[in-house]
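Novice: Dropping the structure in here first, questions after.
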Amino acid sequence: MMGRSIVDMVEISIAVPRGEAGYWSIIRELDRDGPWTVRQICQRTNVKTQAVGTFVRKLRLAGIAQVVEKQASNEGGRRDNLPEAVVYRLAKRPLLAPRLTLDGKVRPEMAIDRVWRAIKMSKVFSLADIKESCPDVHPSAAEAYLRALCRAGVVVGTPRSYRLARNLGLQAPKILATKVVFDPNSKTVIGCPVANEAKP
């Protein structure tokens with residue numbers, strides 16, 4: 001007699017905020033067609049103008065975006081001194097969203113990015129190899145990240161000998177965490193949970 005499974009498999013739709021990476025993809029699209037404004041970015045998202053404006057300001061301070069025009073409002077047939085919109089163009093176009101501090105300085109690369117790059121370069125590796133290649137990544141963080149990738153089938157093997165099974169691309173896979181409301185009566189997840197990046 002077969003035992004009854006004590007695991008319920010359910011489908012979940014999770015909202016994954018793209019944040020600055022999302023803003024950057026929109027900016028690159030807009031810039032291909034010419035100058036753009038913060039307002040145009042906001043029209044393609046559901047976020048507040050302040051969040052987008054902060055990101056664009058960081059791009060400007062870093063020299064990645066530059067102001068090309070200031071459009072003033074026109075009320076009653078006269079132009080006042082308050083700019084209605086600042087118009088930008090990109091001076092640099094990196095493929096990935098720049099990681100910048102509020103004053104426009106480049107932020108250090110994240111640990112998972114360094115580990116992912118080492119994995120892609122090695123193809124076949126051990127946990128010890130990754131620790132040696134990424135000495136500034138905490139050993140427990142590297143180990144936890146590899147375990148997560150292994151569970152997902154991105155890498156296969158054991159800590160003594162891993163192999164990259166799925167090269168997913170330039171950007172490192174992220175470990176996300178979320179809280180869900182589960183209805184045991186209907187065995188369904190209620191609502192749309194939002195996932196946030198978790199530390200490995």
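The values are calculated or read from the model by the stated rules, or taken from the named source; none is laboratory data. These figures come from a predicted structure and were not determined experimentally. Cβ atoms come from the backbone with ideal geometry, glycine included; neighbour counts cover every protein chain shown.
Novice: If P83 satisfies all but one of (1) modelled with pLDDT of 85 or more; (2) outside any helix (DSSP H, G or I), what's the number of the condition it fails?
Specialist: (1)
Novice: Counting only residues that are buried (at least 17 other Cβ atoms within 10 Å of the Cβ) and of a type in the set (A, V, I, L, M), which one in the range 114-147 is farthest from A172 (Cα to Cα)?
Specialist: L127
Novice: Please specify each residue of the range 25-54 satisfying the condition of being part of a helix (DSSP H, G or I) and in contact with a strand residue (DSSP E or B) (Cβ under 8 Å, 6 or more places away or on another chain).
Specialist: I27, R28, L30, D31, V38, R39
Novice: Taking interchain pairs and intrachain pairs at least six residues apart, which have beta carbon atoms under 7 angstrom, with the first residue in the range 95-113 and more than 14 Å from T54 (Cα to Cα) and the second of a type in the set (S, T, N, Q)?
Specialist: Close Cβ pairs (under 7 Å, with a partner that is of a type in the set (S, T, N, Q)) amount to L96/Q171; R107/T101.
Novice: Can you say whether G22 is in contact with a helix residue (DSSP H, G or I) (Cβ under 6 Å, 6 or more places away or on another chain), outside any loop (DSSP other than H, G, I, E, B) and either within 24 Å of V194 (Cβ to Cβ) or at pLDDT 95 or above (or both), as far as the supplied structure shows?
Specialist: On the way: in contact with a helix residue (DSSP H, G or I) (Cβ under 6 Å, 6 or more places away or on another chain): no; outside any loop (DSSP other than H, G, I, E, B): yes; either within 24 Å of V194 (Cβ to Cβ) or at pLDDT 95 or above (or both): yes.
No, not satisfied.
Novice: Taking the range 161-183, which residues are free of Cβ contacts under 8 Å to residues at least 60 places away in the same chain and loosely packed, with under 13 Cβ neighbours inside 10 Å?
Specialist: S161, R163, R166, N167, G169, A177, K179, V181, D183
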